[in-house]
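S.K.: Quick one: the structure is below, questions incoming.
Readers should treat all values here as calculations from the given coordinates under stated rules, not as data from a laboratory. Everything numeric here is computed off the predicted structure, so don't read it as measured data. Here the Cβ is made from the backbone with ideal geometry for all residues, glycine too, and neighbour counts use every protein chain on show.
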Amino acid sequence: MPISLISARNRIKQAEAVLAAWLKSSRDDYEATLISAIITLIEDVEESIKEADTKLNSLI
């Protein structure tokens, strides 16, 4: 089931918070590297969602 852009944005923010907390308590360098890779993958996604939502709202 699709979710709204606002919900997607909020989920990204939540994921970033969880990953940041997980990174702080990582057990070793390998785990920290994997967590950092995920953080890098979702970097700027929140801003892209916000921009898309703004553009869609301007069409309404």
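S.K.: What is the sum of charges, Lys and Arg at +1 and Asp and Glu at -1, for the other residues whose Cβ falls under 14 Å from the Cβ of S7?
M.R.: My count for the surroundings of S7 gives +2.
S.K.: Now for a different question. Using a 7 Å offset from the Cα along the Cα-to-Cβ direction at both K55 and I3, what is the distance between the two label points in nm, to one decimal?
M.R.: A separation of 2.2 nm, rounded to one decimal place.
S.K.: Assign unit charges at the C-beta atoms only (+1 for Lys and Arg, -1 for Asp and Glu), then state the dipole size of the chain relative to its Cα centre in Debye, rounded to the nearest 20.
M.R.: 280
S.K.: For n ≥ 4 DSSP H runs only, could you compute -39500 (n - 2.57) per run for the chain, divide by its residues and tell me the 222 nm figure to the nearest 500?
M.R.: Dividing the helical sum by the residues of the chain leaves -27000 deg cm²/dmol.
S.K.: Rounded to the nearest whole Å³, what is the per residue volume of the convex hull around the Cα atoms of the chain?
M.R.: It is 79 Å³ per residue.
S.K.: Before anything else, pin down the relative contact order of the chain: Cα pairs under 8 Å, at least 6 apart, normalised by residue count, whole percent.
M.R.: The value is 51 percent.
S.K.: Test of understanding: extend the Cα→C-beta vector of K13 to 7 Å, then name every residue of segment 27-47 with backbone N under 20 Å from that spot.
M.R.: 39-47
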